[in-house]
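Taking it in order: structure first as structure tokens, then the write-up.
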Amino acid sequence: GDGPRRRWVRALPVLLVVPALVSWESVLPIDLPRPVDTAELGEVEREVLAGLDAESWEEAESDARAALAADPDDGAAWRKLSMVQLANADFRAALHSLSEQARCGHVPSIALYNTACAHTRLGEPTAAFATLEKVLAVGGLSPDALQHDPDFTDLREDPRFEDLLERTLAYWADRRAKEADEQAEGNEAP
């Protein structure tokens, strides 16, 4: 049926591609898809993966909820809960958890990115594009992720997609040019 392992496979891009993008400057450009090196994952992702490997979805969710009962402002616990919800295709619940993760200031660009993924999976392209605009504004949208993340497959046929992709490519070209200029200025002898 549609057990934990099958749901995990559907949610794999959300859970593993996005954490690989955490240090945007050091990883871009990213060739996706690529094998996931668990060394790239944060502590929360490794914990969730360990829970998934043991098929202990309820335990992972329970751990996150217990942490949130102790501290409702625990952004890492909101992130963990959202990952479990995304993996279980509970996208509506994940939207709430992702909103809380962002409110807590815990990796807000990742929360926004995953929010766009959830909106896309819910068939809400307008909300997905609006959220992707926010991700682009904070510099957290990779052209490769936009082009290759399976969560955005349904958006690629939308006329808004090409415009967003072009602006994302321009953003990163400008950013790399500025970084190159700054590096060149830093290398000049006084």
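Taken together, the values in this text are just the output of simple stated rules run on the coordinates, not laboratory data. From a predicted model like this one, the values you see are computed outputs, not experimental measurements. Reconstructed Cβ throughout: ideal geometry from the backbone, glycine too, with neighbour counts over all protein chains shown.
Counting neighbouring Cβ atoms within 10 Å and putting the fewest first, the residues Ser99, Ser82, Ser142, Ser109 line up as Ser99, Ser109, Ser142, Ser82. Computed over the stretch 85-190, the P(r) tail beyond 23 angstrom holds 34 percent of alpha carbon pairs. Loop-located trypsin sites (Lys or Arg not before Pro) in the stretch 91-190 (DSSP state other than H, G, I, E, B) with a sparse environment of at most 16 neighbouring Cβ atoms within 10 Å: Arg156. For the pair Arg103 and Glu188, a Förster radius of 35 Å applied to the C-beta separation gives a FRET efficiency near 0.20, rounded to the nearest 0.05. The modelled label-to-label distance between Asp71 and Thr126, using points 7 Å beyond Cα along the C-beta direction, is 3.9 nm. In a simple Cβ point-charge model (Lys, Arg +1; Asp, Glu -1; nothing else charged), the stretch 59-156 has a dipole of about 180 debye relative to its Cα centre. Distance between the pseudo-spin-label points of Arg156 and Glu58 (7 Å out from Cα toward the beta carbon): 3.9 nm. Size of the stretch 139-184 from its Cα atoms: along the principal axes, largest to smallest, the extents are 41, 18, 12 Å. Full extension of the chain between Glu133 and Lys178 yields a length gain of 14.1 nm, computed as 0.36 nm times the residue separation minus the alpha carbon distance.
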